[in-house]
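In what follows, a single structure is set out as structure tokens and then discussed.
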Amino acid sequence: MKDLWEIYDELLALVSQNSVVDECLIGLHWTLVKSGGIGLAMTPLEGEHKVTLSGKIIGMSVRELAECVKSWNYFEAAIGLSAINSVINTKKNVENITNQPLVKQKYINGFDYFNKMLKGKKVAVIGHFPGIEKMSEFCKLSILERIQQHGDYPDSACEYVLPKQDFVFITASTLENKTLPRILELCSKSFTILLGPSTPLAPVLFNYGINALVGNVVIDSAKSKQIVAEGGTSVDLRPYISTVILLKDNKKSSSIV
Amino acid sequence: MNDIEHEKAVLLKETYDSVKFMLGESIEKLTVDRVVIGIFFTGIKLSNGTGGLCYTPVKMIPQAVCCPSSAKAMPNSGKMRGKNVLSFTEDIFSQNPLKKAVGIAVLNALSETCRQKNLYKDYKYVIDADPLDYITIPNDAYTVVVGALLPYIKMLKKNRNSYGILELDPRTLKDEEMSHYVKPEKTEDAISKADYLLITGTTLINDTLDEILSKSNYSRTNCKFIS
């Protein structure tokens, strides 16, 4: 196995030492950090219920807070990932990467974008995303989920299930619990898509076997903060965030907003 | 009003009725400025500047798995700001634990509003104090701690008091504390024997407070409740 921390260090290298944290909110479903922009990461469902930095985060260096992504305390890792995303998943940064203006349009589901490629293929989804069951109508679908719902594989099945897949959709919360590096090793022959609001829109991730990034940029910061604070889910956030898809194979990464 | 179980929430209902009566028509002008449902606590701020807190009952959310299933847990996300307090206070009787937590936090802010207006005449308020600064638990007393209230458990241990711990999730207790854990089948017996009951406010959310109090020995003049 490669160095676990290499992928994290590459992301951290994108975060400058100069900016500071303006706001931090650990909501029921989403964790939010505001610095240059607003970054989101999934609030973990498990792990030690303790955040040692509480009361000290505002005013911290974003880079220092971002280092928490390497913490084995998943709550702190979520704060760290949000800090990274607050720098990377900004309108300005994404427009620079895609060379396209980011304009808010109707919500686009990341799964729907790849549907045509998936017909008849073996497809695994890591994380039980909303409404993905219907994909089994046109592909051989396997859902891996730590907290299983009916028909899901347990996450421990990934060692056996993933190497046989044509396509693998991976929730970016795997960055928080440190399972992403190993999952990517298991998916070395698959087309892999990292997705969800926790996804850093950083093309550097393509160097680790990821073929596509489906992430989000917060467009309406006030409303997004309110929804996170009031226990909202990604479904509630949809009208106030833009979906961005970056593809590895394009010389110019494409964006869909 | 939804999902009412008044027989289990008599104290909440009486508190709500009392606060509503004291504030009178002024309650209709009060709105909620901000709601934060955190992973540990839920906090709200009213339009009059007062705030209220309640424990966030994360473990009580049905199927707390992922966005699709827990979306139902807090259906009003993004729509709470600016609403009248009365649209939240009815939720103190809800069976949705998160809505209930927000409702209790609003009720606590309304209670604080009553205090600031000097509407409570029969109580003495002490600010920035620990209840046990004013109560000495005798060495021979038996205390039941309801909920893993660690500072009090440490104090009882330090003072070598006799005590038992009631906790719905005993996994939160350390090995040493488990020796004082009261098994569910022994709960009634322990409460009825208690000289002192230290009760977490979380019992208001899971509707166990009324039952705990009903099982305690009210008639004993030396049975003290600290909640």
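The values are calculated or read from the model by the stated rules, or taken from the named source; none is laboratory data. Every value quoted in this text rests on a predicted model; they were computed, and no experiment measured them. Because the Cβ atoms are built from the backbone with ideal geometry, glycine has one as well, and the counts that use them run over all protein chains shown.
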_Looking at A:189, A:248, can you tell me which residue is out of contact with any strand residue (DSSP E or B) (no Cβ under 9 Å at 6 or more places or on another chain) and away from every other protein chain (no Cβ under 14 Å)?_
A:189
*Is it the case that residue A:111 is surrounded by 16 or more Cβ atoms within 10 Å (Cβ to Cβ) and in the same structural domain as residue A:181 (by TED's automatic domain parsing)?*
yes
*Within the bounds of region A:33-42, is there any residue that is more than 14 Å from chain B (Cβ to nearest Cβ) and more than 30 Å from residue B:76 (Cβ to Cβ)?*
yes
*Just to be sure, is residue A:243 hydroxyl-bearing (Ser, Thr, Tyr), surrounded by fewer than 24 Cβ atoms within 10 Å (Cβ to Cβ), away from chain B (no Cβ under 14 Å) and not in a loop (DSSP other than H, G, I, E, B)?*
yes
*asked:* Testing residue A:46 on (1) within 13 Å of another protein chain (Cβ to nearest Cβ); (2) farther than 25 Å from residue A:242 by Cβ; (3) touching a Leu at 6+ places or on another chain (Cβ under 8 Å), one condition comes back false. Which one is that?
replied: (3)
*With A:145, A:137, A:133 as the choices, which residue is away from chain B (no Cβ under 13 Å) and among the charged types (D, E, K, R)?*
A:137
*Give the residue, chosen from A:215, A:231, A:209, A:196, that is touching a Ser or Thr at 6+ places or on another chain (Cβ under 9 Å) and outside the structural domain of residue A:128 (by TED's automatic domain parsing).*
A:231
_Return the residues of region B:92-122 that are of a type in the set (D, E, K, R) and away from every other protein chain (no Cβ under 14 Å); say none if nothing qualifies._
B:112, B:115, B:117, B:121, B:122
*Only one of these is under 18 Å from the mean Cα position of the chain (by Cα), of a type in the set (Asp, Glu), within 30 Å of residue A:165 (Cα to Cα) and outside the structural domain of residue A:140 (by TED's automatic domain parsing): A:67, A:76, A:46. Name it.*
A:46
*Return the only residue of B:74, B:80, B:60 being at pLDDT 90 or above and within 14 Å of chain A (Cβ to nearest Cβ).*
B:80
*Taking region B:116-161 as the search range and keeping residues that are of a type in the set (S, T, N, Q) and touching a helix residue (DSSP H, G or I) at 6+ places or on another chain (Cβ under 9 Å), which one is surrounded by the most Cβ atoms within 10 Å (Cβ to Cβ)?*
B:143
*Would you check which residues across region A:103-129 are within 14 Å of another protein chain (Cβ to nearest Cβ) and not aromatic (Phe, Trp, Tyr) and list them?*
A:109, A:110, A:125, A:126, A:127, A:128
*Do you know which residues across region A:229-238 are closer than 19 Å to residue A:195 by Cα, in a helix (DSSP H, G or I) and at the interface with chain B (Cβ under 9 Å from one of its Cβ atoms)?*
A:234, A:235, A:236, A:237
*Give, as residue ranges, the strands (runs of 3 or more DSSP E) completely inside region B:153-227 that count at least 3 residues that are modelled with pLDDT under 90.*
B:224-226
